[in-house]
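Take a look at the structure set out below.
The values are calculated or read from the model by the stated rules, or taken from the named source; none is laboratory data. This structure is a prediction, so every number in the text was calculated from the model and none was measured. Glycine also receives a Cβ, built like all others from the backbone with ideal geometry; neighbour counts cover every protein chain displayed. For the accessible areas, the whole protein counts, side chains as well, though only heavy atoms, and no ligand, DNA or RNA atoms are used. Shrake-Rupley method; radii C 1.70, N 1.55, O 1.52, S 1.80 Å.
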Amino acid sequence: MIRRRQFIAGIGSAAAWPVVARAQQPPMPVIGFLGTQSTELDYKNVTIPFLQGLKEAGFVEGQNVAIEYRYAENQLDRLPALAADLVRRRVAVIATSGTPAALAAKVATMTIPIVFSAGGDPVALGLVASLNRPGANLTGIANLAAELAPKRLQLLRQVIPNSAEFGVLADPTFPATPSIIADLQSAARTLGLELIIENTRTYSDLETAFATFSRQRIGAVLVSNGNFLSRHTEQLVALAGSHVLPAIYPYREFAVVGGLMSYGSSIGYYYHQAGIYAGRILKGEKPADLPVQQITKIELVINLRTAKAIGLTIPEILLATADEVIQ
């Protein structure tokens with residue numbers, strides 16, 4: 001009788017072992033994702049590539065990492081409170097989408113690692129001390145493609161050689177916008193062009209800008225850099241199409257969904273790299289030891305299908321030099 005009771009007690013203790021083991025597993029790390037726009041606008045070109053980068057680094061959302069998303073819904077004054085909320089939740093890493101979000105996260109914490117994705121020079125913006133040695137708790141991906149604006153204007157001029165006026169869509173919340181506009185004005189004078197510049201903060205602004213461009217019969221549109229503009233790829237392409245206006249864009253994603261031309265990098269590649277960096281930090285690497293990556297892959301993408309739809313002939317020299325031609 002005693003032996004039987006001891007045997008049953010032993011079975012009970014053994015059955016409890018997996019429960020104890022499960023209870024001792026460390027909690028799942030949490031990434032705080034801070035964005036300036038919205039879940040819907042970020043999902044395709046930002047969230048999916050970021051998650052793919054995380055997976056490449058060994059982390060899958062819902063399996064071994066959780067993500068808390070916070071979006072300002074294009075109301076940038078909400079960013080400080082959203083960043084502070086992520087800090088209160090003691091997330092392991094904060095990943096940011098857009099320069100204003102990166103600056104808000106930097107103010108909110110000096111200890112939690114931050115992986116930023118920012119347009120412009122992160123040193124000039126005050127995010128890091130240097131690109132090779134970021135220092136402190138920040139590192140990330142820098143898109144210096146704002147410097148490409150004059151080249152985009154030249155490319156557009158090659159496609160539309162007989163027009164005297166071009167339109168420019170600008171994002172006034174993007175820190176590099178003043179220098180971009182100054183560079184464009186200088187290039188326009190050299191090319192003998194007048195620029196009609198429209199600042200846009202909302203979708204309604206975009207509609208108004210295109211209506212103005214059509215009314216003034218401008219020859220083409222240059223879409224500038226900026227978090228707001230880069231999140232409205234399909235909407236901008238649709239507006240350009242409905243007004244039958246040739247346009248050049250800063251990222252290949254625009255050309256892929258029907259934009260006439262793009263000259264620059266890829267939004268997706270940008271955030272894919274940010275996901276990899278976030279994963280490396282979760283594994284124990286320090287932001288101060290991870291150099292800021294600069295996106296240097298610049299491509300000219302031409303959508304020949306769109307050109308034919310609006311009755312435009314692309315010069316052979318451009319087609320020959322394009323990195324990708326969408327038929």
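One residue is enough: does the range 278-288 have a residue meeting the conditions under 30 Å from Glu61 (Cβ atoms), open to solvent by 40 Å² or more (accessible area, probe 1.4 Å), part of a loop (DSSP other than H, G, I, E, B) and without any contact (Cβ under 8 Å) to a residue 60 or more places away in the chain?
yes
Within the range 187-238, how many residues turn out to be part of a helix (DSSP H, G or I) and either closer than 16 Å to Ala170 by Cβ or not basic (Lys, Arg) (or both)?
Of the residues in the range 187-238, 26 are part of a helix (DSSP H, G or I) and either closer than 16 Å to Ala170 by Cβ or not basic (Lys, Arg) (or both).
In the list Leu156, Leu184, which residue meets the criterion of being assigned to a helix (DSSP H, G or I), within 22 Å of Gly311 (Cβ to Cβ) and open to solvent by less than 10 Å² (accessible area, probe 1.4 Å)?
Numbers: Leu184 fails: within 22 Å of Gly311 (Cβ to Cβ).
Answer to the check: Leu156.
Residue under question is Leu229, and the condition is that it be within 23 Å of Pro150 (Cα to Cα) and modelled with pLDDT of 95 or more; does it hold?
no
Within the range 300-314, can one find any residue that is open to solvent by 40 Å² or more (accessible area, probe 1.4 Å), in contact with a strand residue (DSSP E or B) (Cβ under 7 Å, 6 or more places away or on another chain) and not acidic (Asp, Glu)?
Yes, that holds for at least one residue.
Specify the residue that is surrounded by the fewest Cβ atoms within 10 Å (Cβ to Cβ); the eligible residues are those in the range 239-266 that are in a strand (DSSP E or B) and of a type outside the set (Gly, Ala, Ser).
Met261
Failed condition for Pro80, given (1) outside any loop (DSSP other than H, G, I, E, B); (2) under 19 Å from the mean Cα position of the chain (by Cα), with all others met?
(2)
Within the range 50-70, track down each residue that is surrounded by fewer than 17 Cβ atoms within 10 Å (Cβ to Cβ), more than 20 Å from the chain's Cα centre (by Cα) and within 17 Å of Leu86 (Cα to Cα).
Scanning the range 50-70 gives a single hit, Ala66.
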